[in-house]
Amino acid sequence: MSQLKLSKQGWSNQTVFILAAVGSAVGLGNIWKFPYITGENGGGAFVLVYLACVLLIGIPVLLSEIALGRAGGANPVQGMANLAHEHRANPLWFLLGLNGVLAGALILSFYTVIAGWGVAYFYESVKGVFQALTPDEVGAHFKTFLANPYELLFWHTVVSIFTVLVVAKGVKSGIERAISWMMPGLFLILLVLLGYAATTGYFAQSFSFLFSPDFSKLSWQAVLTAMGHAFFTLSIGLGTMMVYGSYISQKYSIVRAGMWIAFADTLVALMAGLVIFSIVFANGLEPGAGPGLLFQTLPIAFGQMGGGWFFGSLFFALVVMAALSSAISLIEPAVSWFEQNWGIQRLKAAWILGGLIWLIGIGSVLSFNDWSGVHFLGERNFFESVDFITANIMLPLGGLLMSIFVAWVFDDATRAEQIGLSPRMMKWYLLDLRWLAPVAILIVFATNLVAAESVWFMVAIALTAYAAYVLNAMRKAG
Ligand code: PHE
């Protein structure tokens, strides 16, 4: 691949970049996934491991990924090819970009399904459905909802079209403006809900569930999930932050942006967790209820609190918007790759990719009803398998390779220029990036690779790498 710096400077200013990156980071991962995986994995100890992963692995990888994006100056595939060329590294580094493009598409395939639940719940909140339901009925209502594949498919389609329409228009005009009021809005609503949670009488129990660690409840699988989630929630390891980084100018401070992203993201997750578990305990619900947790708890609060109709509708509207700003960032690596490397117009690229991703998403739609008993990876259904492969394997793998590139392939001058840390901080950062982060990721991997089902994953990686190799060879020949 020849060297092409293709990304034009996209963001109007640094604040907009931070907002867009926060918009990408804050999403279903914080409000939907974090609470339910915390519930499934027993609470406090899991949260502690997750926080450690954010701090020790997440933030350093985040800074590295943005730096790689800016230095590479293009979509993740081309950007990595550029960097490999510039630093005389193996040209196969472009595979790292490809891993990201694929992971983004796979995540989006179920992301739109879950965001679809959010849209459906927004619609029902506005209609006042939850005002008429008792806490028990809220749970039953959700089960009935999931049992109908056509309804899920409908909402999945709505979100997919919506995502494509925004991305097709270009990230800048639509997203920039929307995000600047959405994120503060979401935060405010969460504060109101936190106030409500305090009135349930179970706030303290919720707090101790989240923050008192009981390590006997922690398994290696949970550690892998925590690490995977740190990647997922910060939107790192797949190239989102790389593309977004490719749109920023040389004078922006990556460190400042990175701190804001990590701070906002973690705060929203913890707030959502506090709110949801207060309601869970107050109503005698099960914290380990799984993916439906958010949808079985919050409507109870909205059905009972003063102004519940208003806040409920607003809350689900914001969930949808938070999801949308993440959805866009999930498809952006692929769209920019199609646009920059294959000469496909953004509009067309967005529709083609959106269509493919929608198709894969049908597997996740069915995972909650007709295919709920069909196992793909080990005991996992389709949705669980895609979630596992992306969050627990592809993203950490991507993050591992990104840290290796910045830590070992970049020279000191490039690193200093891109990351811009003080010499003392740089020493710590490098130490972390060179030893702690990769070794931690590898250990967690190694422990989990022992599981037989990972054989399939290895086969999949090998096939993907081979396909990429052939594709690249064909392009060179043609
Ligand atoms: N960070 C997003 C969330 O928490 C999901 C996401 C992952 C978005 C990776 C982009 C890239 O919902």
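The values are calculated or read from the model by the stated rules, or taken from the named source; none is laboratory data. For clarity, every value in this text was computed on a predicted model and none was experimentally measured. Here the Cβ positions follow ideal geometry from the backbone for every residue, glycine too, while neighbour counts run over all protein chains shown.
Residues that are closer than 22 Å to Asn90 by Cα and touching a Lys or Arg at 6+ places or on another chain (Cβ under 8 Å) within segment 404-429 comprise Val406, Ala407, Trp408, Gln418, listed in sequence order.
I'm trying to understand the selection: among the residues of segment 192-246, which are assigned to a loop (DSSP other than H, G, I, E, B) and either of a type in the set (Gly, Ala, Ser) or under 18 Å from Leu48 (Cα atoms) (or both)? Matches in segment 192-246: Gly201, Ser212, Pro213, Asp214, Leu218, Ser219, Leu234, Ser235, Gly237, Gly239.
Against the condition closer than 20 Å to Leu397 by Cα and crowded, with 24+ Cβ neighbours inside 10 Å, how does Gly29 come out, does it pass? Here the answer is yes, as Gly29 does meet what is asked. In the set Leu400, Leu356, only one residue is touching a helix residue (DSSP H, G or I) at 6+ places or on another chain (Cβ under 6 Å) and assigned to a helix (DSSP H, G or I); that residue is Leu400.
With the condition kept exactly as written, say whether any residue in segment 321-338 is away from the ligand (no atom under 16 Å from the Cβ) and out of contact with any Pro (no Cβ under 6 Å at 6 or more places or on another chain).
Scanning segment 321-338, I find at least one residue that is away from the ligand (no atom under 16 Å from the Cβ) and out of contact with any Pro (no Cβ under 6 Å at 6 or more places or on another chain), so the answer is yes.
Among the numbered criteria (1) out of contact with any Cys (no Cβ under 7 Å at 6 or more places or on another chain); (2) among the hydrophobic types (A, V, I, L, M, F, W, C); (3) closer than 23 Å to Phe382 by Cα, which one does Leu218 miss? The one condition Leu218 does not meet is (3). Each residue in segment 249-269 was checked for being part of a helix (DSSP H, G or I) and either touching a helix residue (DSSP H, G or I) at 6+ places or on another chain (Cβ under 7 Å) or of a type outside the set (A, V, I, L, M) (or both), and 14 of them qualify. The residue list Thr414, Thr464 contains one member that is farther than 24 Å from Ala52 by Cβ, at pLDDT 90 or above and surrounded by 13 or more Cβ atoms within 10 Å (Cβ to Cβ), which is Thr414.
Could you list, in sequence order, the residues of segment 418-450 that are at pLDDT below 90 and of a type in the set (S, T, N, Q)? Correct list: Ser422, Thr447, Asn448. The set of residues in segment 101-138 being hydrophobic (A, V, I, L, M, F, W, C), away from the ligand (no atom under 16 Å from the Cβ) and within 23 Å of the chain's Cα centre (by Cα) consists of Ala120, Phe122. Restricting the first member to segment 402-419 and to residues that are in contact (Cβ under 8 Å) with a residue 24 or more places away in the chain and under 20 Å from Ser249 (Cα atoms), and the second to residues that are crowded, with 16+ Cβ neighbours inside 10 Å and among the charged types (D, E, K, R), the beta-carbon pairs closer than 8 Å and six or more apart or on different chains are Val406/Arg415; Gln418/Arg70. Cβ separations smaller than 7 Å between residues 6+ apart or across chains give the following pairs from segment 328-348 residues that are more than 11 Å from Val164 (Cα to Cα) and assigned to a helix (DSSP H, G or I) to residues that are more than 16 Å from the ligand (Cβ to nearest atom) and basic (Lys, Arg): Glu339/Arg346.
Just checking, how many residues over segment 224-251 are basic (Lys, Arg) and either within 8 Å of the ligand (Cβ to nearest atom) or surrounded by 24 or more Cβ atoms within 10 Å (Cβ to Cβ) (or both)?
So the count comes out to 0.
Take Ala103 and decide whether it is without any contact (Cβ under 8 Å) to a residue 60 or more places away in the chain and in contact with a helix residue (DSSP H, G or I) (Cβ under 8 Å, 6 or more places away or on another chain).
no
Among the residues of this structure, Ala105 does not count as one that is assigned to a helix (DSSP H, G or I), over 24 Å from Phe383 (Cα atoms) and among the small types (Gly, Ala, Ser). Residues satisfying the criterion are absent from segment 5-24 (criterion: in contact with a helix residue (DSSP H, G or I) (Cβ under 7 Å, 6 or more places away or on another chain), at pLDDT 95 or above and β-branched (Val, Ile, Thr)).
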